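The values are calculated or read from the model by the stated rules, or taken from the named source; none is laboratory data. Predicted, not measured: the structure shown is a model, and the values here were computed from it. Cβ sites come from the backbone with ideal geometry, for glycine too, and all protein chains shown count toward neighbours. Areas reflect the complete protein model, heavy atoms only, side chains present, ligands, DNA and RNA absent. Shrake-Rupley method; radii C 1.70, N 1.55, O 1.52, S 1.80 Å.
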Amino acid sequence: MAIFNAADEYTRSGDQNFLFKQNADFFYLSGIDQEQSILLLFPDCPNPLYKEVLFLRQTNEHIAVWEGHKYTKEEARKASGIEAVYWLHDFEAILHSIIHYADHIYINTNENDRYLPGVPYRDLRFLEELRGKYPLHYYERAAPILRDLRVIKSEVEIELTQKACDITGDAFVRVLKFVKPGVAEYEIEAEISHEFLRQRATGHAYNPIIASGRNAIVLHYNDNNQICHDGDVILFDFAAEYGNYNADLSRSIPVNGRFTERQRKVYDAVLRVMRQSTAMLVAGTVWNDYHDEVGKIMTSELIGLGLLDRHAVEKQDPKAPLYKKYFMHGTSHHLGIDVHDYASRYKPFEVGNILTCEPGIYIPEENLGIRIENDILITEGGNRDLMANIPVEAKHVEDIMNSK
Ligand code: GLY
Ligand code: MN
Ligand code: MN
């Protein structure tokens, strides 16, 4: 038997919650985007009624007035494909009536190695409660199964990701036409949010980074409160979420519409690294080998830019390669319902994976940071760039900026 819980609702202040964000595994398995829901899967259940059951919060007049519409049973059947839909108050009795026919109970602990919550989340609290009531069952991890399922994207998941990428691209082109010296980072953010909302994105995939000049050196900058100055480059990392699927885009553009010669050299170096790295995103590639290869390509570009010394590189400690001074983050991560999607770091890439490709060069002494990031689907014959239509060549970017 496997039991999955919806995500917690998080209080923002009195009478206010943060926007609800469904648990990724729960959404993946059920398509149900509503709080407090529970999914029970028990394919060997001796009672055929309870092989696959969804439990939902029952609405009432008070909830309807204060929170709005909740799923009816019929709507939930349609959204999830699950026939057996019950209200939550039936959960305990139904569970009790069948749990003794299962030996192993799979619970959905969050094993994303980047997830470090300070407080116990819903599935964890549920596990503790269940252990108290049913101490002699074997409790098992659902996470490794979900990890291997979620990493291979289905057609509909690819379509939703593509839509998120397309909306993101439209916002980028809008920004290209909007940016000029003196504009504030938050004004650019407003343009992006406007484009996302008008195309019915379900939100930003993550807090957008609008980092002009030296701010681009801060990898997770999102103050977005500075003025963009003539002569600076702005590093953007923003993307839309659509139907709970995420895009992830980075671009770097000149505030005044023309890169300086030096900026252009760095830009083209990053773009070459991105192109060569993208070519390696194919089935069978292993993470560590990939990152080692990208490191070599980046090292050679950094030597070309005069940032690293060839002799120093020859003598470098392979465990602490010198390129990390200017390129200190990973090149790729899986992308899906989570922006940094849940996946094994050790399994070779497979057909159906979607990965980002996002090299960058950050030079504090030049107040310059450049990152370019596209989203890549691995296919049978190689890969497909889901952001192939979003301008990326320096000249193309400049042409749009100067085309008003
Ligand atoms: N936007 C987060 C990342 O690029 O990984
Ligand atoms: Mn990004
Ligand atoms: Mn990324």
Query raised in the report: What is the sum of charges around ARG141, taking Lys and Arg as +1, Asp and Glu as -1, for the other residues whose C-beta is under 13 Å from the C-beta of ARG141?
Result: -4
Requested in this report: Out of all DSSP beta bridges with both ends in the chain, state the antiparallel percent to the nearest 5.
Outcome: 80
Requested in this report: Quick one: what are the phi-derived ³J(HN,Hα) couplings along the range 331-345, Karplus 6.51/-1.76/1.60 with θ = phi - 60°, whole Hz, x for glycine and proline?
Outcome: 8, 8, 8, 5, 10, x, 5, 9, 5, 8, 6, 6, 6, 6, 7
Query raised in the report: Taking a temperature of 4 °C and a viscosity of 1.567 mPa s, what whole-number D in µm²/s does Stokes-Einstein yield for the chain with Rh from Kirkwood over alpha carbon pairs?
Result: 55
Query raised in the report: Within the range 13-89, what percent of beta bridges assigned by DSSP are antiparallel, to the nearest 5?
Result: 55
Query raised in the report: What does the charge count near TYR267 come to, summing +1 for each Lys or Arg and -1 for each Asp or Glu among other residues with Cβ under 13 Å from its Cβ?
Result: +3
Query raised in the report: By Kyte-Doolittle mean hydropathy of at least -0.5 and Cα axial length of at least 15 Å, which whole DSSP H helices of the chain are selected?
Result: 155-178
**Report entry** Size of electric dipole in the chain: Cβ of Lys, Arg +1 and of Asp, Glu -1, about Cα centre, debye, nearest 20
**Finding:** 680
Query raised in the report: Taking amide H positions as placed 1.01 Å from N in the peptide plane, with prolines and chain starts having none, which residues 5 or more places from ILE234, or on another chain, fall under 5 Å of its amide H?
Result: GLY213, ILE253, VAL255
Query raised in the report: With the dipole of the chain worked out from charges on the C-beta (+1 for Lys and Arg, -1 for Asp and Glu) around the Cα centre, which of TRP287, HIS204, VAL273 lies farthest toward the positive end?
Result: VAL273
Query - Accessible area (Å², per residue) of the chain, counting only protein heavy atoms and a probe of 1.4 Å - result: 48
Query raised in the report: ³J(HN,Hα) across the range 374-386 via Karplus (A = 6.51, B = -1.76, C = 1.60, θ = phi - 60°), whole Hz, x for Gly/Pro?
Result: 10, 10, 10, 9, 7, 10, 4, x, x, 7, 10, 7, 6
Requested in this report: Go ahead and set up a Gaussian network model of the chain, Cα springs under 10 Å, then flag whichever of ILE303, ILE370, ILE167 fluctuates most.
Outcome: ILE303
Query raised in the report: Size of the dipole of the range 261-325 about the Cα centre, Lys and Arg at +1 and Asp and Glu at -1 on the beta carbon, nothing else charged, in debye to 20?
Result: 220
Query - Selection from ASN244, HIS69, GLY213 lying farthest towards where the dipole of the chain points positive, charges on Cβ - result: GLY213
Report task. Treating the Cα atoms of the range 1-56 as identical point scatterers in vacuum, please give the log10 of the normalised Debye intensity I(q)/I(0) at q = 0.13, 0.18, 0.20, 0.31 Å⁻¹, two decimals. Result -> -0.39, -0.62, -0.71, -1.17
Report summary line: Site LYS133, offset 7 angstrom along Cα→Cβ, radius 12 Å on amide nitrogen, limited to the range 79-98, gives 89-98
Query - Cα centroid separation, the range 145-167 to the range 382-401 (Å) - result: 22
Query raised in the report: Put +1 on the Cβ of each Lys and Arg and -1 on the Cβ of each Asp and Glu in the chain; which of CYS165, SER300, PRO48 then has its Cα farthest toward the positive end of the dipole?
Result: SER300
Query raised in the report: Who wins for biggest fluctuation among GLN226, GLN36, GLN16 in a Gaussian network model of the chain, springs between alpha carbons below 10 Å?
Result: GLN16
Query raised in the report: Of all accessible surface on the range 1-128 at a 1.4 Å probe, what whole percent is carbon and sulfur?
Result: 53
Report summary line: Expected max-MSF residue from ASN215, ASN367, ASN60 in the GNM of the chain (alpha carbon, under 10 Å) is ASN60
**Report entry** CD proxy at 222 nm, helix term only [per DSSP H run n ≥ 4: -39500 (n - 2.57); per residue of the chain; nearest 500]
**Finding:** -10500 deg cm²/dmol
**Report entry** For the range 293-348, size of Cβ-based charge dipole, Lys and Arg +1, Asp and Glu -1, in debye
**Finding:** 180
Query raised in the report: Across the range 105-117, in residue order, what do the Karplus-derived ³J(HN,Hα) couplings come to in whole Hz, using 6.51 cos²θ - 1.76 cosθ + 1.60 with θ = phi - 60° and x for Gly and Pro?
Result: 10, 8, 10, 9, 6, 8, 10, 4, 6, 9, 9, 10, x
